[in-house]
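Enquirer: Could you have a look at this structure, given as structure tokens, before my questions?
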Amino acid sequence: MALLILPIIIPFATAILSLLFRRSAAAQRAISLLGATALLGAAIALLNVVWSDGIQATQMGDWPAPFGITLVADAFSAIMVTLAALTLLATVVYSLADIDVRREAFGYYPLLNVMVMGICGAFLTGDIFNLYVWFEVLLIASFVLMALDGDQAQMKGAIKYVVINLIASTLFLVAAGLLYGLAGTLNMADLAVKLRDVARPDLVATVAMLFLIVFGIKAAVFPLFFWLPDSYPTPPAAISAIFAGLLTKVGVYALIRVFTLIFVQDVAYTHTLILVIAGLTMVAGVLGALAQTEFRRVLSFLIVSQVGYAVMGLGLYTSGALAASVFYIIEDVVALQCLFLVSGVVYRLNRSENISVMGGIYRTYPGIALLFLIPALSLAGFPPLSGFFGKLALLQSGLAVEQYAIVATALVVAALTLFCIGRVWSDAFLKPSPAPGSAGVLVRSAALSSSRAQMIGMLIPVVVLVALVIGIGLLAEPVFGLATRAAEQLWSPSDYIQVVLGEAL
Amino acid sequence: METILAFVVGGLFAAGLYMMMRRSIVKLIIGLALLSHGVNLLIFTAANLTRANPPIVPDGAKQPLPPVADPLPQALILTAIVISFAVLSFALVLLHRVYQAVGTDDIDRLKPVDE
């Protein structure tokens, strides 16, 4: 099935081609734009096939299932690949206007494509060790993006990001090795079969906890989120936007995948723990956001808080709750990326990240202020927007299994998120612009000349993403249908196992 | 054999973690290197150490002589070594750049907001 390999091959080919033309920035831009468009096309085609024909799998190198590496696309994978492609396209279009010449010369576009290749590989693989390898691919590209041409603040953020992720990778390897020692296989579908009646369930639980820590670090859940607000705000807006939208979701995806397919031996223990973690993540994230004064640091803490909601559906562990989580992830990727892209525009207007010295945007550029307000309100769960439906579905499934504590937490956190956004709105957008040269104005790079054409180039992807945030809200029914299909496949993994293992079962 | 290797793995982990908890970034990277060696040995040990024949079909035979050793752990370790080599060399370059930008390798002086 060639369609399965395309989301990996297209970014790879794009990266190589742009490396070949590394002396010409114009060629690199054109190639990346083409590559991202092609990737989105391939991802939508894959989603379409998975929607109409069910789960797709292909064996790499023609080695039969438990021995070779399998690529699998169920509805969840296909949705995530489509989101990755969408995020890449928006980031590339934004970067055409935003990214400086030096970063382009140092291979910004190839790195972006290699990272997305790693992300798509992680979404499509059906093998734990292969998942590790894809994680490494996306990590090393993201390391370079994070540190590329950085000033002091960016370097400080980068070293933390690199170290915490290297520790997570090491633990991932430990977990994979122990899992192989226990089950004698690393194919996810085969593991699901073999771990059903394993001799030592206590050892499986230990390995499951290791995976929870590893993917918890990647997804930035409580108490493993501290690295995110230190590192995400430091690189340019285009880079932090693709990180904010996608990278934590890779961790969430991996958590949902292994804790619905492989580690379901002791749901009462593991998934309750996940539920508690989800609640603490929401609270810790939003409280952190309330305490911050820098625009992108506020947004970074809100990412953490949102991860809590995305994981909540897994913790509740019903088919409906998983559907709510998938819907929430779809909405979250779009809204968060949008907010970070807007933060780049706002930075150019104000030359500052500190919201207390910002202001006056609503008066001078009401359109841009609106582009911030819509995704921000969606994040808080304001009714007609897409975030509302995700939260509503999560709350309903929480009530259905009588987990009132988490429902109350989610409601309180949503209110606090709204409060937090209101504070940013009134400080950074609504209040009059402070007098130039007043105390505390923090200017990171002095000469950011931004022409009108540049501004328009940066606003195009933002407008499209805002339209998507509204569109997902208006078309909540079909999108929710898609999420429900994904959740059904996650909930009863027998189809997945059947498709991967085939006759070997 | 497993017992000895278990102690070796434990020792490498302890040394690696000790190095990582120092304040210097150089020591942190050395700690990471030790940790990754520990993990490689751990995979080797966890995947059932046996004295067995190599999984290679001899001339004229249809299948290798049983008992056959499992080649997969070695393949995993080899991949892991290659990856950790790449990542560590990147970490060293990054360390150098951080040192140039910040002028220190003391972790306590890498707080995000100290302007």
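The values are calculated or read from the model by the stated rules, or taken from the named source; none is laboratory data. None of these values were measured; they are calculated from a predicted model. Virtual Cβ from ideal backbone geometry, glycine too; neighbours counted across all protein chains shown. For accessibility, only protein heavy atoms count, side chains too; no ligands or nucleic acids. Shrake-Rupley method; radii C 1.70, N 1.55, O 1.52, S 1.80 Å.
Enquirer: Accessible area per residue for segment B:56-112 in Å², computed with a 1.4 Å probe and the full protein assembly in place, what is it?
Expert: Using a 1.4 Å probe on heavy atoms only, each residue of segment B:56-112 averages 65 Å².
Enquirer: What 222 nm value per residue comes from the helices of chain A, counting each DSSP H run with n ≥ 4 as -39,500 (n - 2.57) and dividing by all residues, nearest 500 deg cm²/dmol?
Expert: -25000 deg cm²/dmol
Enquirer: Quick one: among B:Leu94, B:Leu34, B:Leu12, which has the greatest mean-square fluctuation in a GNM of chain B with alpha-carbon springs under 10 angstrom?
Expert: Result for chain B, Cα springs under 10 Å: B:Leu94 fluctuates most.
Enquirer: Now a separate question. Tell me: how much accessible area in total is hidden between B and A, 1.4 Å probe, Å², nearest 100?
Expert: 2800 Å²
Enquirer: Taking the full set of protein chains and a 1.4 angstrom probe, give the accessible area of B:His96 in square angstrom, rounded to the nearest 10.
Expert: 110 Å²
Enquirer: In the Gaussian network model of chain B, springs joining C-alpha atoms below 10 Å, which of B:Gly103, B:Gly11, B:Gly38 carries the largest mean-square fluctuation?
Expert: B:Gly103
Enquirer: Around A:Asn354, which amide H atoms from residues at least 5 apart in sequence, or from another chain, sit under 5 Å from its own amide H, with H modelled in the peptide plane?
Expert: Long-range HN contacts for A:Asn354: A:Phe295, A:Leu442.
Enquirer: Using the structure shown, select from A:Lys156/A:Lys391; A:Lys160/A:Lys249; A:Lys194/A:Lys249; A:Lys160/A:Lys431; A:Lys194/B:Lys27 the pairs with a Cα to Cα distance greater than 30 angstrom.
Expert: In this structure, A:Lys156/A:Lys391; A:Lys160/A:Lys431; A:Lys194/B:Lys27 exceed 30 Å between Cα atoms.
Enquirer: Running Debye on segment A:109-206 with equal point scatterers at the Cα sites and no solvent, what base-10 log of I(q)/I(0) appears at q = 0.10, 0.14, 0.21 Å⁻¹?
Expert: The Cα Debye sum returns log10 ratios of -0.37, -0.63, -1.02.
Enquirer: Let me ask something else. To the nearest 10 square angstrom, what accessible area does A:Trp51 show with a 1.4 Å probe?
Expert: Ignoring ligands and nucleic acids, A:Trp51 comes out at about 110 Å².
Enquirer: Going by alpha carbons, how many degrees (0 to 90, nearest 10) lie between the helix axis of B:72-102 and the longest principal axis of chain B?
Expert: 10 degrees
Enquirer: At 1.4 Å probe size, with the rest of the protein present, what percent of the exposed accessible area of chain B is carbon and sulfur atoms?
Expert: 67 percent
Enquirer: On the principal axes of its Cα set, how long, how wide and how thick is segment A:162-314? Give whole Å, largest value first.
Expert: 53, 28, 20
Enquirer: Turning to a different aspect of this structure: Tell me, what is the percent relative contact order of segment A:289-338, built from C-alpha pairs under 8 Å that lie six or more residues apart?
Expert: 26 percent
Enquirer: Within segment A:450-466, which residues have the backbone N less than 19 Å from the label spot 7 Å out from A:Ile44 along Cα→beta-carbon, could you tell me?
Expert: A:460-466
Enquirer: Give me the percent of Cα-Cα pairs in segment A:243-370 that sit more than 19 Å apart, rounded to a whole number.
Expert: Of all Cα-Cα pairs in segment A:243-370, 54 percent lie more than 19 Å apart.
Enquirer: What translational diffusion coefficient, in µm²/s and rounded to a whole number, does the Stokes-Einstein relation yield for the protein assembly as shown at 20 °C and a viscosity of 1.002 mPa s, taking the hydrodynamic radius as the Kirkwood radius over Cα pairs?
Expert: Rounded, D is 86 µm²/s.
Enquirer: I would also like to ask the following. For segment A:115-160, what is the per residue volume of the convex hull drawn over the alpha-carbon atoms, in cubic angstrom?
Expert: Per-residue hull volume (Cα only) is 59 Å³.
Enquirer: Another question about this same structure. Heavy atoms only, probe 1.4 angstrom, no DNA, RNA or ligands counted: give me A:Tyr309, A:Tyr362 ranked by accessible area, highest first.
Expert: Descending order: A:Tyr362, A:Tyr309.
Enquirer: Determine the calculated [θ] at 222 nm for chain B from helices alone, applying -39500 (n - 2.57) to every DSSP H run no shorter than 4 residues and normalising by the residue count; nearest 500 deg cm²/dmol.
Expert: That calculation yields -22000 deg cm²/dmol at 222 nm.
Enquirer: Among B:Val82, B:Val57, B:Val102, whose mean-square fluctuation peaks in a Gaussian network model of chain B (Cα, cutoff 10 Å)?
Expert: Per the Cα network of chain B with a 10 Å cutoff, B:Val57 tops the list.
Enquirer: Here's another thing I want to ask about it. For labels at A:Ala415 and A:Leu290 in the simple 7 Å Cα→Cβ model, what's the distance in nm?
Expert: About 1.1 nm, to one decimal.
Enquirer: Now a separate question. Please compute the length gained on full extension between A:Ser433 and A:Ile9, using 0.36 nm multiplied by the number of residues separating them and subtracting their Cα-Cα distance.
Expert: Extra length from A:Ser433 to A:Ile9 when fully extended: 147.8 nm.
Enquirer: To continue, here is another question. Describe numerically, in nm with one decimal, the distance between label points set 7 Å from Cα along Cα→Cβ at A:Arg452 and at A:Asp266.
Expert: Placing both labels 7 Å beyond Cα along the Cβ direction yields 6.6 nm.
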